Amino acid sequence: MSVLIFAELADGTLKKNSQEAIFYGAQVASQTGGSATVLAIGEAGEAELAKAGNFGAAKVLYVKKEENIMAYAKVVTEVVKSTGATVVVAARSALADAVLARAAGALKAGFAGNVTALPDTSAGFTVTRSIFSGKAFARTSITSDIKILAIKKNVIDVTAGQDTAPVESLTFDTSAEDGSAKVLSVEKATGAVS
């Protein structure tokens, strides 16, 4: 199975939870005999993006864009279609949940959140999910052709290597989207929060 990992960027670097997602996605690819490709959207240098190889990625697809959730979802959907990915992985976050839910709808894909372990592929595709605020676990089978997984943060033990991954820049025209949301500015809080 070809695995696409949606990696979040912050301040020009791969977020820690994205490193977990890349490592997890690479393990799923290895388990199923596929390859792991990272999709990074935002602002980062090529050297930083190439570090995805430390966590098992074979390739990084990079889209330099800071837009809205609909644009992110459109990019993820198009990359899934163009790469033929059958599994999409991301670390659970507000951004990933919104993007992956929209992509799942567009792709008619099964979606499971709070995934805590590698899938069991012995009889289909079954994942273990944390439910009830982590007090219980559920085993969920996904039967769709495309499976989308949002892994729970801090449950994957990451072992970083020394490999780097080639980076390929992509461009998408999302300006013709429905126009229902447009980012006018981004302001981040700094300093102490009172």
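For the range 111-128, the tally of residues that are open to solvent by 60 Å² or more (accessible area, probe 1.4 Å), within 17 Å of the chain's Cα centre (by Cα) and either farther than 16 Å from Ala26 by Cα or of a type in the set (Asp, Glu) (or both) stands at 1. Listed by first and then second residue, the pairs with beta-carbon distance under 8 Å, at least 6 apart or on different chains, first residue in the range 63-75 and without any contact (Cβ under 8 Å) to a residue 12 or more places away in the chain, second open to solvent by 10 Å² or more (accessible area, probe 1.4 Å) and assigned to a helix (DSSP H, G or I), form an empty list. The lone criterion from (1) part of a helix (DSSP H, G or I); (2) open to solvent by less than 10 Å² (accessible area, probe 1.4 Å) left unmet by Ala85 is number (1).
Could you grab me the full set of residues in the range 145-163 that are small (Gly, Ala, Ser) and either more than 18 Å from the chain's Cα centre (by Cα) or open to solvent by 40 Å² or more (accessible area, probe 1.4 Å) (or both)? Talk me through it step by step, then tell me what you get.
First, pick out the residues of the range 145-163 that are small (Gly, Ala, Ser): 150, 160-161.
Residues satisfying the conditions are Ala160, Gly161.
Going by the structure shown, is Gly34 in contact with a Ser or Thr (Cβ under 9 Å, 6 or more places away or on another chain) and either more than 29 Å from Ala123 (Cα to Cα) or of a type outside the set (D, E, K, R) (or both)? When the stated conditions are applied, Gly34 passes them.
When Ala73, Ala91, Ala50 are checked against the criterion of being open to solvent by less than 30 Å² (accessible area, probe 1.4 Å) and within 22 Å of Gln162 (Cβ to Cβ), Ala50 stands alone in meeting it.
The values are calculated or read from the model by the stated rules, or taken from the named source; none is laboratory data. Nothing here was measured: the structure is a model prediction, and the numbers come from that model. With ideal geometry, Cβ positions are generated from the backbone for all residues, glycine too; neighbour counts draw on all protein chains shown. Surface accessibility is based on the protein's heavy atoms, side chains included, excluding ligands, DNA and RNA. Shrake-Rupley method; radii C 1.70, N 1.55, O 1.52, S 1.80 Å.
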